[in-house]
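Peer 1: Here it is, the structure, as structure tokens.
Each value in this text was obtained by applying a stated rule to the coordinates, not by laboratory testing. Bear in mind that the values here come from a model prediction, so they are computed numbers and not experimental data. Ideal geometry is used to build each Cβ from the backbone, glycine not excepted, and the neighbour counts take in all protein chains shown.
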Amino acid sequence: MAKGAAYCFSFVVVFLSLALVVHSYDCMYVVSLKTGTINKAGTDAKVLLRLHDNQGHSVDATNLSAYGVGSKDYFERGQLDRFNIPGDCLPSPICRIELSHNNGGSSPAWYVEYLEVAVVTLQMQSTTSPVRRFNINQWLARDEPPYSLSVVKNQC
């Protein structure tokens, strides 16, 4: 298990009870997201994430900050942020992601290095998938190549 995912997994235990009380979700999607270290890499924009399996099913986080572990300013330069996204279990492993932002805030351009995701089954309180890493290494910005606010990484 990757170091970032192991750290995230420890936080999942804290949120298991809360997730089960709020809604009877079956899974927790544990996401680690690394913002680049280059100048002005961080963003103030609203970040959206969609996780897909190879059968066309998906789990959405329309405001990723809402699922953050800890109370802080997410997506800042050089930061590794962690998120726990409750949802129904997908029938197949996650193999595709869509990551985007709304170009909002005073500094919307964002350089993303990578995203890792693991799936934890809440009923068994165990990791049900290996950590899947999606290397991004690009700007999500209108003023930096490739001049797009979104990226799709497909490993299906």
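Peer 1: Under 5 Å between amide H atoms, partner at least 5 residues away or on a different chain: which partners does Glu113 have, H built in plane at 1.01 Å?
Peer 2: The answer is Lys34, Thr35, Gly36, Asn137.
Peer 1: Let me ask something else. Report the per residue volume, in Å³, of the convex hull enclosing the C-alpha atoms of the stretch 27-68.
Peer 2: Taking the convex hull of the Cα positions in the stretch 27-68, it is 100 Å³ per residue.
Peer 1: Using the Cα atoms of the stretch 50-90 to build a convex hull, what is its mean projected area in square nanometres?
Peer 2: Result: a mean projected hull area of 3.6 nm².
Peer 1: Next question, about the same structure. First obtain the Kirkwood hydrodynamic radius of the stretch 43-156 from its Cα pairs, then insert it into the Stokes-Einstein equation at 20 °C and 1.002 mPa s, and state the resulting D in µm² per second as a whole number.
Peer 2: 145 µm²/s
Peer 1: Then there is this: Could you tell me which trypsin sites (Lys or Arg not before Pro) in the stretch 105-156 are loop residues by DSSP with no more than 13 other beta carbons within 10 angstrom of their beta carbon?
Peer 2: Those satisfying the criteria are Arg142.
Peer 1: Which trypsin sites (Lys or Arg not before Pro) in the stretch 64-116 pass both tests, a DSSP loop state and at most 14 other beta-carbon atoms within 10 Å?
Peer 2: Here the trypsin sites (Lys or Arg not before Pro) that fit, given the DSSP loop and packing criteria, are Lys72.
Peer 1: Another question, then. Could you name the aspartates and glutamates in cross-link range of Lys72, using Cα to Cα under 19 Å and dropping any fewer than eight places away on the same chain?
Peer 2: Asp44, Asp81
Peer 1: Cys95's amide H: which non-local residues (gap 5+, or another chain) put their own amide H closer than 5 Å, with H modeled 1.01 Å from N in plane and none for Pro or chain starts?
Peer 2: Correct list: His52, Asp53, Asn54.
Peer 1: Sequence-distant or interchain residues sharing an amide H contact under 5 Å with Asp26, placed H: which?
Peer 2: Long-range HN contacts for Asp26: Gly87, Asp88, Cys89.
Peer 1: Could you derive backbone 3J(HN,Hα) for the stretch 65-76 from the dihedral phi with the Karplus parameters 6.51, -1.76 and 1.60 (θ = phi - 60°), listing whole Hz in sequence and x where the residue is Gly or Pro?
Peer 2: So the Karplus estimates, Gly and Pro as x, are 4, 5, 9, x, 8, x, 9, 7, 8, 7, 6, 8 Hz.
Peer 1: Just add up the charged neighbours of Gln155: K/R +1, D/E -1, any other residue whose Cβ is under 10 Å from the Cβ of Gln155.
Peer 2: Net local charge, Gln155 excluded: +4.
Peer 1: Within the stretch 70-156, report the chymotrypsin sites (Phe, Trp or Tyr not before Pro) that DSSP leaves as loop and that have at most 13 other Cβ atoms within 10 Å.
Peer 2: Sparse-neighbourhood loop chymotrypsin sites (Phe, Trp or Tyr not before Pro): Tyr147.
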